[in-house]
Amino acid sequence: MAQSIIKAEDILSGFGENISLEPLGNGIEIFVSKNHTFGTDAVLLSHFANPKRSDKAVDLGTGCGIIPFLWLRDRAVASATGLEISPEGVALANASKIKNGNPDNLTFFEGDIKDPFELLKKGEYTLVTCNPPYKAAGAGIISESAADKKARHETACELKDVISAAAGLLKFGGRFAICQRPERLSEIISLMTEYKLEPKKLRLVCKCEGSEPWLVLVEGRLGGGKGMRIIPNLNLYKNGELTEEMLKIQGVYTRC
């Protein structure tokens, strides 16, 4: 009996008509929706994580799978797994996987960052990334839609949950990379230290030279020694145009 072929459209049936394809370059396209798209911060985090071709990587709260697919495009890691709590996000990522030839080194699971070990093995990975909700629960104006609440506010998980999960997933010496709003930097440093993820690299991102940073990128190493490298600020724009460094980070992708 011939095995039935699962199509991307079959996976996405039932999730509405607001789904589109976003080209990432090098022939890679991913499905996005109104609830699960991506921005400059995901592109910056994927680059800042500095993946190695030997890395076995996990992206927590992967959404539509943007970071694993950027790594796939660049052939940057040995394997990548995305964990996402939203069924729609996982459907988008799995449909994109099929759209891009169903690579066997790319996997997506529907699961909770608070308990990732139901699906992922402890101490198994060399790189973990997360682009988490930026606002603490109850902080600021609460987004109206359920999807926006999960994406922007800590309703489904807190920063502590993310860092605890990363520490549990990593092998000794493995790296964790996260992006956040600068006002939460002290929380990140404190929690990383608590979970033995020694902060090793930090970079602030500004819209342009002289402007206040709007994003911070931090890398920690499980069981790492003391000492953190502060990288010069990344400026996105100069005279209204993308800086040379930002163009280099984007590479073949030109949406941001």
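Table for the structure above
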item: The chain - percent relative contact order, Cα under 8 Å, separation 6 or more; result: 16
item: From phi via Karplus (6.51, -1.76, 1.60), per-residue ³J(HN,Hα) for segment 67-78 in Hz, x at Gly/Pro; result: 5, x, 6, 5, 5, 4, 4, 8, 6, 8, 9, 5
item: From phi via Karplus (6.51, -1.76, 1.60), per-residue ³J(HN,Hα) for segment 180-186 in Hz, x at Gly/Pro; result: 7, 6, x, 5, 9, 4, 4
item: Which labelled figure in [x] 7, 31, 38, 20, 3, 1, 0; [y] 7, 29, 32, 21, 10, 2; [z] 7, 27, 28, 19, 14, 5, 1 is P(r) over Cα pairs in 10 Å bins from 0, in percent, once derived from the coordinates; result: [x]
item: Leading residue at positive end of dipole, the chain (Cβ point charges), from L60, I188, P116; result: I188
item: Local net charge near G111, Cβ-Cβ under 10 Å (Lys/Arg +1, Asp/Glu -1); result: -4
item: Exposure of M228 as accessible area (Å², to 10), given a probe of 1.4 Å and all protein chains; result: 80
item: 11 Å beta-carbon shell around K200, net charge (K/R +1, D/E -1); result: +3
item: Rounded to 5, percent antiparallel among DSSP beta bridges of the chain; result: 45
item: Ranked packing of 232-240, 69-77, most packed first, by mean Cβ within 10 Å; result: 69-77, 232-240
item: The chain - accessible surface per residue (Å², probe 1.4 Å); result: 50
item: Vicinal HN-Hα couplings computed from phi for segment 114-121 (Karplus, 6.51 cos²θ - 1.76 cosθ + 1.60; Hz; Gly/Pro x); result: 5, 9, x, 7, 5, 10, 10, 7
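The values are calculated or read from the model by the stated rules, or taken from the named source; none is laboratory data. Note that the coordinates shown come from a computational prediction; the quantities given were computed from them, not determined experimentally. Neighbour counts run over all protein chains shown; Cβ positions are idealised from the backbone, glycine included. Ligands, DNA and RNA are stripped out before the accessible areas are found, and what is left, the full protein with its side chains, is counted by its heavy atoms. Shrake-Rupley method; radii C 1.70, N 1.55, O 1.52, S 1.80 Å.
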